């Protein structure tokens with residue numbers, strides 16, 4: 001054998017003998033892309049619950065996946081831009097946890113798997129072909145969300161029967177959620193013989209004006225819409241303080257608002273929904289196809305009541321509501 005050929009064979013053998021671990025370490029970790037409507041400092045509980053769901057399948061952040069995060073900072077018009085960045089980066093999975101994000105992400109890619117967690121019916125809104133056989137690149141969780149609007153208004157009426165007009169507070173920057181919410185709220189108000197006053201707030205500066213408009217319009221209570229803006233701590237804490245000054249009973253969709261001093265909340269179990277999203281993402285990272293993963297409908301709801309706040313507002317909570325509440329703060 002010639003010396004040059006012998007040296008070449010040695011080189012090939014040496015390369016082949018390198019540990020496979022070293023090669024594996026060079027492989028990039030799967031990326032889970034997420035666009036938040038707010039700021040990531042306000043979304044830590046969301047990420048914590050996603051980690052828990054992923055962890056049930058052996059996925060640990062930094063070891064076998066990492067998040068690729070984009071922050072819209074309450075600017076809904078930036079969501080398509082930020083989503084396109086994730087698509088161009090070729091992330092492994094994209095999480096769309098609102099109806100708006102689901103619409104944007106569906107339009108942006110038909111190849112990257114998308115896991116949704118939305119309150120709008122995914123079949124009626126064209127995200128999947130059916131619950132059992134989604135059929136495309138989208139699957140995930142139907143969490144009821146806006147579908148609970150009518151029940152929320154009923155609960156608020158039960159709590160404050162003296163309120164003949166109820167204000168519905170929504171985010172004007174979220175037209176999709178409003179289009180789904182308003183008909184449900186109006187139908188419930190008509191059924192109960194109540195007036196419905198629509199007020200809006202898109203920024204923290206507009207919350208005070210919205211509550212003032214509700215009070216001046218004769219509203220005896222406020223129903224907060226399921227918009228992402230009102231589910232972040234900064235917004236609901238401000239709303240709690242302003243509503244207290246105007247002595248307007250307010251129903252929120254997240255139980256965290258009640259723990260922070262809000263009067264009452266009724267909504268889907270957000271934290272369990274987020275874990276469910278994490279589980280879906282893990283299964284896709286393991287190789288399962290969104291088209292074959294049935295959409296799961298989350299039916300668990302949480303009713304929370306703060307008796308301290310009720311007392312401060314001079315409200316006696318009916319025993320019928322207390323008996324149904326999962327959480328009562330005394």
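Just so it is clear, none of the values below were taken in a lab; they were calculated from the coordinates. Source: prediction; values computed, not measured. Please note: Cβ atoms are built from the backbone with ideal geometry, for glycine as well, and neighbour counts cover all protein chains shown.
Brief remarks on what is shown
- Segment 77-176: translational diffusion in µm²/s, Stokes-Einstein, Kirkwood Rh over Cα pairs, 10 °C, 1.306 mPa s: 104
- In degrees, nearest ten, helix 233-246 long axis to first principal axis of the chain (Cα): 0
- Here the Gaussian network model covers the chain, with springs between Cα atoms less than 10 Å apart; of 160, 281, 224, 160 fluctuates the most.
- Extents of segment 228-303, taken as max minus min of Cα coordinates on every principal axis and listed largest first, are 53, 22, 17 Å.
- Among 77, 212, the order by Cβ neighbours within 10 angstrom, fewest to most, reads 77, 212.
- Ranked list, fewest to most other Cβ atoms within 10 Å of each Cβ, for 327, 124: 124, 327
- Build a GNM of the chain with springs between Cα atoms under 10 Å apart, and of 59, 246, 236 the one that fluctuates most is 246.
- Ellipticity estimate at 222 nm from DSSP helix runs (n ≥ 4, -39,500 (n - 2.57)) divided over the chain, nearest 500: -13000 deg cm²/dmol
- Of the residues 320, 176, 213, the one that moves most in a GNM of the chain with alpha-carbon contacts below 10 Å is 320.
- Least to most buried among 311, 296 (fewest other Cβ within 10 Å first): 311, 296
- Pairwise Cα distances in segment 115-267 exceed 22 Å for 39 percent of all pairs.
- Degrees, to the nearest 10: 175-192 long Cα axis against longest axis of the chain: 30
- With Cα atoms, 0 to 90° folded angle of helix 99-108 axis to the chain main axis: 30
- Cα-based values for segment 201-330, radius of gyration first and Dmax second, are 17.7, 56 Å.
- Percent of Cα pairs exceeding the 12 Å cut-off, where the set is segment 57-102: 68
- Percent of Cα pairs in segment 115-169 per distance bin of 5 Å, from zero to the largest separation: 4, 18, 22, 14, 10, 10, 9, 7, 4, 1.
- Scattering from the chain was approximated by placing one identical point on each alpha carbon and applying the Debye formula without solvent; log10 I(q)/I(0) at 0.10, 0.12 1/Å stands at -0.61, -0.83.
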